[in-house]
Amino acid sequence: MSLVKDADLELTADRRPLASLYSRNVRAVIVRGLVATKTSNAAIMISGFVEPVLYLLSMGIGLGALIGTVQGPGGTEISYAAYIAPALLTVSAMNGALYDSTMNVFFKMNYAKLYQNMLYTSLGPLDVALGEIFLALLRGFLYATGFTIVMAAMGLVTTWWALLMVPASVLIAFGFASIGMGITSYIRTFQQLDWVTFIMLPMFLFSATFYPLTVYPEPIQWVIQALPLWHGVELLRQLSVGAFGYMTVVHVLYYVVMVAVGMVLTTRRLRALFLR
């Protein structure tokens with residue numbers, strides 16, 4: 001009777017949704033990542049936070065003294081530093097998420113063979129994907145919280161709505177991390193990772209980070225508005241001054257779809273690579 005009961009329990013477990021992909025043990029992946037970060041990647045994490053702060057100090061204060069005020073979301077007149085600060089926060093969330101989900105993942109996948117070893121255990125590809133992406137989100141959360149505190153200290157936070165920039169930054173990081181990990185699964189050499197930088201740099205320069213989108217010809221505006229970073233920049237700018245509209249919902253939905261596509265892509269690729 002005991003053997004029959006155990007077999008029934010095992011059969012029931014196998015019938016649960018996503019049983020072959022998800023063992024409900026994401027915690028093991030997260031704990032392993034936190035230990036590795038503490039021992040070897042702490043300096044890299046700190047540098048990722050300092051970079052946007054330096055941009056804010058040099059561009060926002062230095063160049064801002066010459067520019068004065070600019071028109072923000074909803075026609076609000078704000079200082080140039082307050083204009084670029086949400087954009088730099090978006091860039092920080094993107095950079096942190098993509099670093100964790102591309103370079104780190106590439107090394108773990110192709111050299112350390114970490115994911116193969118994980119999937120030899122009871123872990124499923126969805127456990128691995130969620131664990132790695134959570135680590136990228138944690139980094140994005142820390143960056144967003146620290147940068148928002150810097151903004152408040154500089155007097156650039158004028159409404160309580162600005163606190164929503166922190167969870168919004170996590171959503172942005174989630175979108176980039178999920179897509180980044182899926183794309184990395186197709187990369188075979190370190191040189192191919194340069195394509196990630198090749199795509200990130202134009203987005204950083206042209207996604208209305210330092211000046212309004214209206215400075216471009218209309219066809220170029222359409223291209224920029226299709227890029228994910230522009231949606232993140234506009235979303236955080238609106239939250240920073242509490243100016244909302246239907247486009248706020250559009251920006252959020254853009255990242256929700258991005259997350260869904262990235263998670264499906266990443267899970268399928270891990271399964272195809274390591275569970276064939």
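Here is how the numbers come out for the structure above:
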item	result
Residue check for Tyr115: over 16 Å from Thr184 (Cβ atoms), aromatic (Phe, Trp, Tyr), part of a helix (DSSP H, G or I) and touching a residue at least 40 places away in the same chain (Cβ under 8 Å)	no
Residues that are at pLDDT 75 or above and either touching a Ser or Thr at 6+ places or on another chain (Cβ under 7 Å) or not in a helix (DSSP H, G or I) (or both), drawn from the range 17-66	Pro52, Gly64
Answer from Leu123, Leu138, Leu130 - the residue that is within 19 Å of Lys108 (Cα to Cα) and not in a helix (DSSP H, G or I)	Leu123
Set Ser207, Ser185, Ser169: member being among the hydroxyl-bearing types (Ser, Thr, Tyr) and within 20 Å of Ile78 (Cα to Cα)	Ser207
Tally of residues being crowded, with 19+ Cβ neighbours inside 10 Å, in a helix (DSSP H, G or I) and of a type outside the set (S, T, N, Q) across the range 67-97	16
Close pairs from the range 175-200: first within 17 Å of Arg139 (Cβ to Cβ), partner of a type in the set (Gly, Ala, Ser) and part of a helix (DSSP H, G or I), Cβ under 6 Å, at least 6 apart	Phe176/Ala97; Ala177/Ala97; Ala177/Ser101; Ala177/Ala136; Ser178/Gly262; Ile179/Gly262; Gly180/Ser101; Met181/Ser101
Complete set of residues in the range 229-252 that are outside any helix (DSSP H, G or I) and out of contact with any Lys or Arg (no Cβ under 9 Å at 6 or more places or on another chain)	Gly242, Phe244, Gly245
Matching residues, the range 243-276, being of a type outside the set (A, V, I, L, M), closer than 30 Å to Tyr83 by Cα and in contact with a Pro (Cβ under 9 Å, 6 or more places away or on another chain)	Phe244, Gly245, Tyr254, Tyr255
Qualifying residue in the range 122-135 (condition: within 27 Å of Leu54 (Cα to Cα) and among the small types (Gly, Ala, Ser))	no
Residue list for the range 177-203, restricted to those being more than 16 Å from the chain's Cα centre (by Cα) and not in a loop (DSSP other than H, G, I, E, B)	Phe190, Gln191, Gln192, Leu193, Asp194, Trp195, Phe198, Pro202
Test: residue in the range 217-229 that is aromatic (Phe, Trp, Tyr) and in contact with a Leu (Cβ under 6 Å, 6 or more places away or on another chain)	no
Selection count, the range 220-271, where residues are crowded, with 19+ Cβ neighbours inside 10 Å and among the polar types (S, T, N, Q)	4
Any hit, the range 148-156, residues being in a helix (DSSP H, G or I), without any contact (Cβ under 8 Å) to a residue 40 or more places away in the chain and of a type outside the set (A, V, I, L, M, F, W, C)	no
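The values are calculated or read from the model by the stated rules, or taken from the named source; none is laboratory data. The model shown is predicted, which means the values in this text are computed figures rather than measured ones. FYI the Cβ positions are ideal-geometry reconstructions off the backbone, even for glycines, and counts take in every protein chain you see.
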